[in-house]
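Inspection log for the structure reproduced underneath, given as structure tokens.
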Amino acid sequence: MRNMAVDDGLMLPEHKKASQKLLSTGHAVPIDDANREIRKDLGLDELPPTTHSNKKALSQVQEIMKRTGFKDLIKSQKAGGQMR
Amino acid sequence: MPNRFPNLEASIRVVLPRLGINLEDLEGASCCPAPGVVRSFDEPTWLALASRNLALAEMSGNDIITGCNGCYGTFKEALAEIHEHPIRLKEVQKIFKGMGLKFSGKVEARHVIEVISELGPDHIRNKVARPMNGVKVGVHYGCHLLKPSKNRPWKHNQRHTFLDELVESTGATSVDYKDKDMCCGAGGGVRGSQVELSIDIAKEKLDNLIDAGVDCIVNVCSFCHLQYETAQAKLNEELGERRYQIPVIYYTQLLGLAMGLDTAELGLDKHIISTRPLLDKVLG
């Protein structure tokens with residue numbers, strides 16, 4: 001049902017925000033400064049070995065979202081989850 | 001998990017090799033993506049991105065392993081979708097064309113607790129150097145770990161006991177509590193868009209856990225973990241008191257503690273809700 005609502009431009013602002021993060025970073029919940037520090041404290045790499053530290057991988061993920069139409073779908077969502 | 005709870009990740013990285021399980025990073029992985037969020041927005045995008053992560057594992061010759069119930073749900077259900085509907089695999093392969101991604105769906109998705117569970121409670125018991133005797137644990141399984149039953153490896157469809165048994169193999173006691181199998185309140189995109197409702201659901205579970213007198217909650221999901229940690233902080237802020245102080249522990253943190261590993265190495269000093277009361281009980 002939510003697929004149908006989103007297809008009609010009806011998306012909650014918080015969900016749109018998470019989608020935009022996915023489009024720009026490859027993660028719906030990207031790393032932040034506090035967790036970079038915690039990773040270092042724990043002896044882990046500051047950035048995980050994901051799209052966060054691999055530009056080629058991020059480009060690939062972004063290309064997939066372009067090919068599936070997700071990029072345009074999110075762009076077409078109106079502010080505030082209003083129907084188009 | 002690596003972006004919000006690196007302390008849980010650290011505990012997995014420290015404990016699993018000591019159980020004889022070697023891990024290899026899935027270089028270039030993306031968000032799984034989340035089943036209750038991205039799948040509900042645009043299912044074909046969810047399937048394509050999940051398949052890309054699975055393809056990375058397949059191309060490396062490994063199975064994929066995750067410590068998050070949401071990721072587990074995504075990978076298990078994406079694999080079921082392409083196995084049951086071969087046309088979906090073709091659709092994904094078409095999207096991948098020219099990208100250097102080879103994907104046939106011949107890869108398994110496993111959960112950290114599934115792999116530990118296969119070793120069995122006796123194997124775990126033999127690793128215990130510091131028994132968690134006297135520690136009362138409220139076990140939280142989490143929805144995506146268990147459902148849909150037809151696509152999960154567990155012995156039972158309901159009234160599961162495997163995590164309780166693994167907790168008890170550390171010497172701790174798994175305490176029964178009201179509505180134990182209820183959702184933490186975070187999933188399905190609820191936490192992301194309706195925080196108050198989400199916290200209300202968590203409150204009900206937390207009150208039941210307090211009534212049961214637990215020393216900690218043990219979970220196996222980064223999203224459930226986030227929910228129990230942040231909901232307690234939020235509830236305390238709203239109430240202006242410190243009623244909600246139950247330490248929230250990931251299973252490999254509990255096991256690592258029982259194996260005698262260093263608490264900092266297990267990330268037990270990086271929690272939102274202090275683990276100190278539990279550590280005082282265990283370490284004296």
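The values are calculated or read from the model by the stated rules, or taken from the named source; none is laboratory data. These figures come from a predicted structure and were not determined experimentally. Backbone-built Cβ (ideal geometry, glycine too); neighbour counts: all protein chains shown.
Can you tell me which residue in region A:36-72 is modelled with the lowest pLDDT, limited to those that are in contact with an Asp or Glu (Cβ under 6 Å, 6 or more places away or on another chain) and facing chain B (nearest Cβ under 8 Å)? Looking at the filtered set, the residue picked out is A:Phe70. Looking across region B:113-127, the residues that are crowded, with 17+ Cβ neighbours inside 10 Å and within 21 Å of the chain's Cα centre (by Cα) come down to B:Ile113, B:Glu114, B:Ile116, B:Ser117, B:Pro121, B:Ile124. Of all residues in region B:139-163, those that are within 16 Å of B:His111 (Cβ to Cβ) and part of a helix (DSSP H, G or I) total 8.
Can you confirm whether region A:14-26 contains a residue that is within 8 Å of chain B (Cβ to nearest Cβ), under 12 Å from the mean Cα position of the chain (by Cα) and of a type in the set (Asp, Glu)? Yes.
B:Ser193 meets all of the listed conditions (1) under 14 Å from B:Val137 (Cβ atoms); (2) more than 16 Å from the chain's Cα centre (by Cα) but one, namely (1). Screening the candidates B:Pro6, B:Pro35 for the property of being modelled with pLDDT under 95, crowded, with 24+ Cβ neighbours inside 10 Å and either closer than 25 Å to B:Ile124 by Cα or touching a helix residue (DSSP H, G or I) at 6+ places or on another chain (Cβ under 9 Å) (or both) yields one hit, B:Pro35. Within the option set B:Lys178, B:Lys155, being surrounded by fewer than 23 Cβ atoms within 10 Å (Cβ to Cβ), under 29 Å from B:Leu235 (Cα atoms) and not hydrophobic (A, V, I, L, M, F, W, C) holds for one residue only, B:Lys178. The requirement of being under 23 Å from the mean Cα position of the chain (by Cα), within 14 Å of chain A (Cβ to nearest Cβ) and assigned to a helix (DSSP H, G or I) is fulfilled somewhere in region B:60-73, by at least one residue. The one condition from (1) under 30 Å from A:Leu44 (Cα atoms); (2) surrounded by fewer than 23 Cβ atoms within 10 Å (Cβ to Cβ); (3) in contact (Cβ under 8 Å) with a residue 24 or more places away in the chain; (4) not aromatic (Phe, Trp, Tyr) that B:Val220 does not meet is (2). Kindly indicate whether B:Lys97 is in a loop (DSSP other than H, G, I, E, B) and touching an Asp or Glu at 6+ places or on another chain (Cβ under 9 Å). So B:Lys97 fails the test.
For region A:55-71, the set of residues classified as farther than 12 Å from A:Leu23 by Cβ and buried (at least 19 other Cβ atoms within 10 Å of the Cβ) consists of A:Ala57, A:Gln60, listed by residue number. The set of residues in region B:137-157 being of a type in the set (A, V, I, L, M, F, W, C) and in contact (Cβ under 8 Å) with a residue 60 or more places away in the chain consists of B:Val137, B:Val139, B:Cys143, B:Leu145. Right, B:Lys136: outside the structural domain of B:Glu77 (by TED's automatic domain parsing), touching a strand residue (DSSP E or B) at 6+ places or on another chain (Cβ under 6 Å), more than 26 Å from B:Pro17 (Cβ to Cβ) and at pLDDT 95 or above or not? The answer is yes for B:Lys136.
Every listed requirement among (1) out of contact with any helix residue (DSSP H, G or I) (no Cβ under 9 Å at 6 or more places or on another chain); (2) buried (at least 24 other Cβ atoms within 10 Å of the Cβ) is met by B:Glu58 save one, (2).
Residues are listed down the side, and each one gets a yes or a no for (1) of a type in the set (Ser, Thr, Tyr); (2) out of contact with any strand residue (DSSP E or B) (no Cβ under 7 Å at 6 or more places or on another chain); (3) farther than 26 Å from B:Asn3 by Cβ; (4) not assigned by TED's automatic domain parsing to the domain that holds B:Lys76:
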position	(1), (2), (3), (4)
B:Lys147	no, yes, no, yes
B:Thr170	yes, yes, yes, yes
B:Ala186	no, yes, no, yes
B:Gly240	no, yes, yes, yes
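Of all the numbered requirements in (1) out of contact with any helix residue (DSSP H, G or I) (no Cβ under 9 Å at 6 or more places or on another chain); (2) farther than 27 Å from B:Leu8 by Cα; (3) within 9 Å of chain A (Cβ to nearest Cβ); (4) not hydroxyl-bearing (Ser, Thr, Tyr), B:Asp25 misses one, and that requirement is (2).
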